[in-house]
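Colleague: Here's a structure for you.
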Amino acid sequence: MARLVLNADEIAGEIKKRNAKKVLLQAPAGLKRKIVKIIPKLEKDTKAKIFFAANSCFGACDIPLGEIETARPDLILHIGHAKMLNRKNVVYFPLSYEFTSAEKKRILGVLLKKLKKVGLKRVSGVASIQYIGLLKWLAKESKKHGLNIVVKKGKSGIAGHVLGCETSAASSNTKKIVFVGDGIFHALGIVKNEGKDVLALNPLSCSAQWLGLENLYEMQKKHNALLLKAQQAERFGIVISSKPGQYNESLALEAKKILEDNGKKAIIIVADDITEQALIDFSLDCYVIIACPRLADDLPNWKVPAISFEELLLLFGNDRKTT
Ligand code: SF4
């Protein structure tokens with residue numbers, strides 16, 4: 001069965017290389033229980049004091065500033081994501097899935113079958129960081145079956161690597177795109193940004209599904225109902241994420257000005273984790289969320305009306321262009 005490789009010796013090596021005496025570990029939810037198991041070994045091998053951040057960690061943009069300020073570690077190890085931010089003493093430690101040969105062949109079989117069905121011989125290939133190795137292998141093996149998977153570097157500098165909010169590696173002149181990863185979060189982001197169909201190949205379930213603009217239209221219908229509510233709202237909360245890779249104060253101030261110019265009332269709210277529960281107590285008519293761009297996809301499912309900055313511009317931006 002595929003397994004995420006968490007190599008305690010490599011992590012200990014990283015700590016020793018930097019001669020760190022106090023280390024703050026940070027990881028996304030799904031990894032926390034695995035990391036807990038290696039902490040005694042890290043402490044024994046490195047003699048460093050190890051602290052583990054409990055706060056949520058949704059992406060590489062999310063560095064635990066509060067814990068850093070309080071605990072003052074000399075090394076912060078962000079485990080599970082590839083490097084995104086340049087921060088003093090913060091080291092990213094991405095992880096990869098390992099597959100047996102039989103598993104890899106099965107995954108390749110699913111991919112070839114899906115693409116053969118639509119007669120494609122050339123596609124772009126991208127993956128989330130944990131599957132970059134598998135993507136490379138698929139690209140190499142596919143050639144033997146007459147399929148060309150184009151893998152190019154995007155902004156992260158790693159060939160084929162995409163984030164939920166950064167999909168430039170998927171931009172190319174191919175008609176369709178293959179995304180290798182679990183879940184459809186990244187794949188939908190690519191559909192949105194590239195306007196092309198994406199085959200979401202999930203190596204863990206060994207399955208694949210096509211996602212396209214029709215999936216986005218479904219989501220858009222829910223957004224339209226929300227826009228009507230937002231248009232009639234009088235009191236707004238502009239919610240700005242305090243996560244270092246998401247914090248955008250100037251956009252929040254701009255949103256406030258746009259609303260006030262349109263005769264609305266607006267206050268700015270700062271939050272680490274932006275959830276509907278955190279906003280209910282403010283009891284405002286509508287919220288404008290300035291945070292991870294992909295959070296916008298969830299907003300129609302919230303109990304409180306909330307829109308993105310782009311939607312605010314559509315409603316009240318007048319002559320200002322959407323970004
Ligand atoms: S902004 Fe959102 S999609 Fe981008 S890295 Fe952060 S959590 Fe992931």
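The values are calculated or read from the model by the stated rules, or taken from the named source; none is laboratory data. What you see is a predicted model; the values in this text were computed from it and never measured. Please note that ligands, DNA and RNA were not included when accessible areas were found on the heavy atoms of the full protein model with its side chains. Shrake-Rupley method; radii C 1.70, N 1.55, O 1.52, S 1.80 Å.
Colleague: Can you tell me the equivalent ellipsoid semi-axes for segment 233-277? Use √(5λ) from the Cα gyration tensor, largest first, whole Å.
Modeller: Working: eigenvalues 82, 34, 6 Å².
Each semi-axis is the square root of five times an eigenvalue, giving 20, 13, 5 Å.
Colleague: Ignoring ligands, DNA and RNA, what percent of the accessible area of segment 101-211 is carbon or sulfur (1.4 Å)? Could you put the intermediate results ahead of the total?
Modeller: Numbers: 2740 of 5080 Å².
Answer for segment 101-211 is 54 percent, counting heavy atoms of protein chains only.
Colleague: Can you list the lysines whose alpha carbon is less than 19 Å from that of LYS41, not counting same-chain residues fewer than 8 positions off?
Modeller: The reachable lysines, counting only those whose Cα sits under 19 Å from LYS41, are LYS16, LYS17, LYS21, LYS22, LYS32, LYS49.
Colleague: Pull up the DSSP beta bridges for segment 155-246 and report the antiparallel fraction as a percent, rounded to 5.
Modeller: Values: 5 of 9 bridges.
Within segment 155-246, antiparallel bridges account for around 55 percent of the total.
Colleague: How high is the relative contact order of segment 101-211, in percent, with contacts defined as C-alpha pairs under 8 Å that are six or more residues apart?
Modeller: Details: 205 pairs, mean separation 27.6, N = 111.
It comes to 25 percent, rounded to a whole number.
Colleague: Another question, then. Can you give the helix-only mean residue ellipticity at 222 nm for the chain, where every DSSP H stretch with n ≥ 4 adds -39500 (n - 2.57) and the sum goes over all residues, rounded to the nearest 500 deg cm²/dmol?
Modeller: For the chain, the value works out to -11500 deg cm²/dmol.
Colleague: Over the chain, what is the mean sequence separation of C-alpha contacts under 8 Å (at least six apart), divided by residue count, expressed as relative contact order in percent? Before the final figure, lay out the partial values.
Modeller: Working: 569 pairs, mean separation 38.6, N = 323.
Result for the chain is 12 percent.
Colleague: Using Cα springs under 10 Å in a Gaussian network model of the chain, which residue among THR167, THR70, THR100 shows the largest mean-square fluctuation?
Modeller: Largest GNM mean-square fluctuation: THR70.
Colleague: Something else: Separation of segment 54-113 and segment 129-202 by C-alpha centroid, Å?
Modeller: When both Cα centres are located, 18 Å separates them.
Colleague: When you have a sec, figure out the Kirkwood radius of segment 176-260 from all distinct Cα pair distances and drop it here in Å to one decimal? Let's see the in-between values first.
Modeller: Numbers: mean 1/r = 0.0637 Å⁻¹.
Mean inverse Cα-Cα distance, inverted, gives 15.7 Å.
Colleague: Would you mind working out the accessible area per residue for the chain, using a 1.4 Å probe, and quoting it in Å²? Could the numbers behind the result be given before it?
Modeller: Numbers: 16540 Å² over 323 residues.
The answer is 51 Å² per residue.
Colleague: Also, quick follow-up: Work out the P(r) tail for the chain: percent of alpha carbon pairs separated by more than 27 Å, whole number.
Modeller: Working: 27350 of 52003 pairs.
Counting every Cα pair in the chain, those more than 27 Å apart make up 53 percent.
Colleague: For LYS83, which aspartates and glutamates qualify as cross-link partners when the Cα separation must be under 16 Å and same-chain residues fewer than eight apart are set aside?
Modeller: GLU14, ASP62, GLU166
Colleague: Sticking with this one: Which of the aspartates and glutamates could be linked to LYS221 by a straight reach, that is with a Cα gap under 12 Å, when you skip same-chain ones fewer than 8 residues away?
Modeller: Partners found: ASP297.
Colleague: Any chance you could list P(r) for segment 1-62, counting all Cα-Cα pairs in 5 angstrom bins from zero, rounded to whole %?
Modeller: The percentages, shortest bin first, are 4, 17, 28, 23, 19, 8, 1, 0.
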